[in-house]
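The values are calculated or read from the model by the stated rules, or taken from the named source; none is laboratory data. Bear in mind the structure is a predicted one, so any value in this text is a computation, not a measurement. Methodologically, a virtual Cβ is constructed for each residue, glycine included, from the backbone with ideal geometry; neighbour enumeration extends over all protein chains shown. The accessibility values were calculated without ligands, DNA or RNA, using every heavy atom of the protein model including side chains. Shrake-Rupley method; radii C 1.70, N 1.55, O 1.52, S 1.80 Å.
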Amino acid sequence: MGGTGVWLVGARGSVATTVVAGCAGLVAGLYPATGLVTETEEFAAAGLPELSSLVFGGHDTVDWPLVKRAEVLAEQGVLPYGLVRAVRRELAVADGEIRPGGPVAGDGRSDEELIAAFAADIGGFTRRGGLARTVVVNVASTEPVAVEGGRLPASSLYAAAALRAGCAYVNFTPSAGVGHPALEESRARADVPWAGRDGKTGQTLLRAVLAPMFRQRALAVRAWSGTNLLGGGDGAALADPAAAAAKNAGKNRVLEDNLGALPEGEVHIDEVPALGEWKTAWDHVAFEGFLGSRMVLQTIWQGCDSALAAPLVLDLARLAARAHEAGIAGGLAELGFYFKDPDGGSAALAEQYDALVAFAARLAGGR
């Protein structure tokens, strides 16, 4: 009993594949741990599980082998040349621990039956691996804001299964997950930690830095508009207006929390399939300075979401596992550094980082 399970919901997606392949590459010493906050000096004494101790599995509704997904990501430049060949065995092992997710078309199971099945899958994974504990991380596609028919959305089914299986839970997506009102009683009974929602990887990360700057310098933001161009699975999912609304809510929440009010302007998300796994985000900030001087700040963020998200997922899995080991339960507001929608605390990135480092010191103390 020593390993730590990482159960990925959306286990054959781009982010999950990058997590598994990237972790294997780091453990093999092929690449430095760039982007992993938990590998910096401030976290050395926190007692986090070693990267080499992480064991991967998960749920997905597709059966495309993980190795094939990794090969596509390598062709698109998301994964480095040669990495897939070097970690093929690790990808195959993780692929063998992926179980069918749901609900899918024609699945007649009730919510309770699905939760029980998912919890059994997670529990079986933990037992087979002789793992000390498992963290469930949702990296699936963004769901629409509302689900018809009065049933729980898929993300909340998986979250309920995690609670039932006695696992820590991390929601890296804007979907409801463990925060659904129907899970309030389950959350109260569960003696596990949870964190999130919606990982802060690109445009919103920048907003969390810039918005406090304007407020602290007493500069009046008149309007803040943004545009995102992206392809891949995320682009296809966010082509649904309801799913895009869930994503944009987090982007706007960072501005409102940091500025005190939401300025004029909108965020647009446009699917551009030709971009593949890459995206471009623009922000246009109109602000007012001394004596009413009107000025503009424009930013361009170009990057790969999977490469930005993967180290954060590894960080969160390690931190949630250590919190669980230390007997900490409930929402982990201290992990707000990683999320658009944290569980309380400041929305400013610098203050969130200070809270995270303080949490690492608390973990180093044992509880």
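Once the stretch 226-256 is narrowed to residues that are touching a helix residue (DSSP H, G or I) at 6+ places or on another chain (Cβ under 8 Å) and under 18 Å from V209 (Cβ atoms), the residue that is modelled with the lowest pLDDT is G250.
In the stretch 112-126, the qualifying residues are those that are out of contact with any helix residue (DSSP H, G or I) (no Cβ under 6 Å at 6 or more places or on another chain) and within 16 Å of R151 (Cα to Cα), and the one that is surrounded by the most Cβ atoms within 10 Å (Cβ to Cβ) is A116. Residues that are over 20 Å from the mean Cα position of the chain (by Cα) and of a type in the set (D, E) were ranked within the stretch 51-74; the one that is surrounded by the fewest Cβ atoms within 10 Å (Cβ to Cβ) is D63. Among the residues of the stretch 296-329, the ones that are modelled with pLDDT under 95 and of a type in the set (K, R) come to 0 in all. Pull up the stretch 136-150, narrow it to residues that are β-branched (V, I, T) and either at pLDDT 95 or above or at positive phi (or both), then point me to the one that is surrounded by the most Cβ atoms within 10 Å (Cβ to Cβ). Looking at the filtered set, the residue picked out is V137. Answer yes or no as to whether S346 is polar (S, T, N, Q) and assigned to a loop (DSSP other than H, G, I, E, B). It is true that S346 is polar (S, T, N, Q) and assigned to a loop (DSSP other than H, G, I, E, B). Is it the case, given these coordinates, that V104 is touching a strand residue (DSSP E or B) at 6+ places or on another chain (Cβ under 8 Å), modelled with pLDDT under 95 and part of a loop (DSSP other than H, G, I, E, B)? Spelling it out, it is not the case that V104 is touching a strand residue (DSSP E or B) at 6+ places or on another chain (Cβ under 8 Å), modelled with pLDDT under 95 and part of a loop (DSSP other than H, G, I, E, B). Applying the set (1) free of Cβ contacts under 8 Å to residues at least 12 places away in the same chain; (2) closer than 21 Å to D121 by Cα; (3) hydrophobic (A, V, I, L, M, F, W, C) to V170 leaves exactly one unmet item: (1). Would you call G330 touching a residue at least 60 places away in the same chain (Cβ under 8 Å) and at positive phi? The answer is yes for G330. In the set (1) assigned to a helix (DSSP H, G or I); (2) open to solvent by less than 20 Å² (accessible area, probe 1.4 Å); (3) not basic (K, R), the condition left unmet by Y169 is number (1). Considering the conditions (1) within 30 Å of A74 (Cβ to Cβ); (2) of a type in the set (A, V, I, L, M); (3) in a strand (DSSP E or B); (4) open to solvent by 80 Å² or more (accessible area, probe 1.4 Å), V296 is excluded by exactly one of them, (1).
Within the stretch 77-101, the set of residues being outside any helix (DSSP H, G or I) and surrounded by fewer than 17 Cβ atoms within 10 Å (Cβ to Cβ) comprises G77, P80, Y81, G82, G96, P100. Considering the stretch 255-279 alone, what residues qualify as being over 27 Å from G336 (Cβ atoms), outside any helix (DSSP H, G or I) and of a type in the set (A, V, I, L, M)? Across the stretch 255-279, the qualifying residue is only V272.
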